[in-house]
Amino acid sequence: MAIFRRLEVHRGFMNGELREECGVPAGSAAGTNRRRLAASMLATLILSLTLWFVAGGTAHGQESDRFVDRIVAVVGQDVITQRELVSRVNLAEQQLAQRGARTPDRNTLVRQVMERMVVERVQLQEAERVGISIDEITLNRTMESIAAENNLTLIQLRNALAAEGVDFAAFREQIRDELTIAQLRRRQVDNRLRVGDQEIDDLIAAESGAIDRDIRYRIAHILVALPQGADSATIAEAQRKADGLRARIREGEDFSNLAISHSDAPDALEGGDLGWVGAAELPTLYARAVILMRPGEVSRVLRSPSGFHIVRLIEREAGAERKVPQTRARHILISPDQIRTEADAEAQARSIYNRIREGASFDDLARAHSDDVGSAARGGDLGWVNPGETVPAFEQAMQGLAVGEISSPIRSQFGWHIIEVLERRETDASRDLLRARAQEILQNRKREEETELWLRRLRDEAFVEYRIEGLGS
């Protein structure tokens, strides 16, 4: 389990191929027919919603009782109502307006928002299936952090949201959903990541300058997605679309507006803007192109299993090297799951802590009981940890310990940790630190690619049915 990642709340999700029923092979004739039917149903749904908007069913974000609890889509065991969809479309319009971005046509906007909501529901259902839930303590701490990041108290945050017409309880549950999805992705994707010594050596040889200078990039992208098992005609059509978009960009059309209207990526409504990323966050597909590009330049069309990508480097920023204080620590993690409740996990962690205080071997107990599979095999040893590499609750507890001191069980979003600090040191950008950075870069690149593929598989296997009766009346 990767505790070496700051908690990131994901607000966008990968668009996927439209399918009405799970279990149909993507390349089969039945799968093709079902996808066509689903696409047709969604097109009719969009048309009906467009007519409803034009007819004055909603104005300035206000919703009518006419569509309370009408179901517009069934996603597995869950539903999406017309009220929810209209609310999210209105919110997307407001966010685009605040950024000064051009709002796409209604059909495009409804399609983008609907697909985002479908993929959110699919991930939440998968999280429930594998036993992931966010407890009230973690949620409350996250809400306090959001308020603090905006220089507000929790009460002031509530008031600020109310002034914008946002229900605080609904906002809080949305944050819970995003935390749940973030934890699901870490559990389902991070466990598959493997980085070999040869890969690290190759990366240092190819990109050591970029790694060593700590350069940051602000990038944007457009994705023309491909369904799994796409035939040659579908691939060729997607290639033509991507080539056409790149040609329009080179002729002077606005990248952000084209991304909003045509990208299949989860951040399409943000104009494809991925924000500032370090070398560690650059997906492998983009890395070499971005490192060699000048600000304002656009990449050639890049191909991945998910489709065709166009990348634009907006800005580049370099920072100075500095000495880094490091902590070598080990831990035992006890996580709640489908069988072990939160209370059970805490009780087991406290029992193990008491056994350590009575003289039991930390190493042996970590190997026998820790749910962090990667470190358990090393007796819980996490190696040398840099500031910011662990989640805040873990780092705060670790930094408060003296060398040789063992913490009582502390809670993070991963479960209950018992931490022991083994050593501390200060290091500069040595060869060891360079290798650690290279390993982090490779892990993050693989994480991006694996997450993209996992999301597409999850979406393709989901049961999605669009309900359109009465939406246009």
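Points to keep in mind about this one:
- Only helices (runs of 4 or more DSSP H) whose full extent lies in the stretch 339-449 are considered here, and the ones with at least 2 residues that are among the basic types (Lys, Arg) are 342-357.
- Of the strands (runs of 3 or more DSSP E) lying entirely inside the stretch 202-307, those containing at least 3 residues that are modelled with pLDDT of 90 or more and buried (at least 17 other Cβ atoms within 10 Å of the Cβ) span 215-225.
- Meets criteria (in a strand (DSSP E or B), buried (at least 20 other Cβ atoms within 10 Å of the Cβ) and touching a residue at least 24 places away in the same chain (Cβ under 8 Å)) for ILE80: yes
- Meets criteria (in a helix (DSSP H, G or I) and of a type in the set (Val, Ile, Thr)) for ILE332: no
- Yes/no for ALA377 being out of contact with any strand residue (DSSP E or B) (no Cβ under 9 Å at 6 or more places or on another chain), aliphatic (A, V, I, L, M) and under 21 Å from GLU440 (Cβ atoms): yes
- Look at the stretch 143-166: where a residue is over 20 Å from SER87 (Cβ atoms) and free of Cβ contacts under 8 Å to residues at least 40 places away in the same chain and a partner is in a helix (DSSP H, G or I) and of a type in the set (S, T, N, Q), sitting 6+ places away or on another chain with Cβ atoms under 8 Å, you get ALA147/GLN156.
- Here SER408 fulfils each of the conditions (1) surrounded by 15 or more Cβ atoms within 10 Å (Cβ to Cβ); (2) modelled with pLDDT of 95 or more; (3) farther than 26 Å from LYS323 by Cβ apart from (1).
- Restricting GLU144, GLU136 to residues that are touching a helix residue (DSSP H, G or I) at 6+ places or on another chain (Cβ under 7 Å) and surrounded by fewer than 19 Cβ atoms within 10 Å (Cβ to Cβ) narrows the list to GLU144.
- Criterion (exposed (fewer than 15 other Cβ atoms within 10 Å of the Cβ), at pLDDT 90 or above and of a type in the set (A, V, I, L, M)) met by exactly one of VAL421, VAL373, VAL403: VAL403
The values are calculated or read from the model by the stated rules, or taken from the named source; none is laboratory data. As the structure is a prediction and not an experimental result, all values here were calculated from the model. Note that each Cβ is placed from the backbone with ideal geometry, even for glycine, and that neighbours are counted across all protein chains shown.
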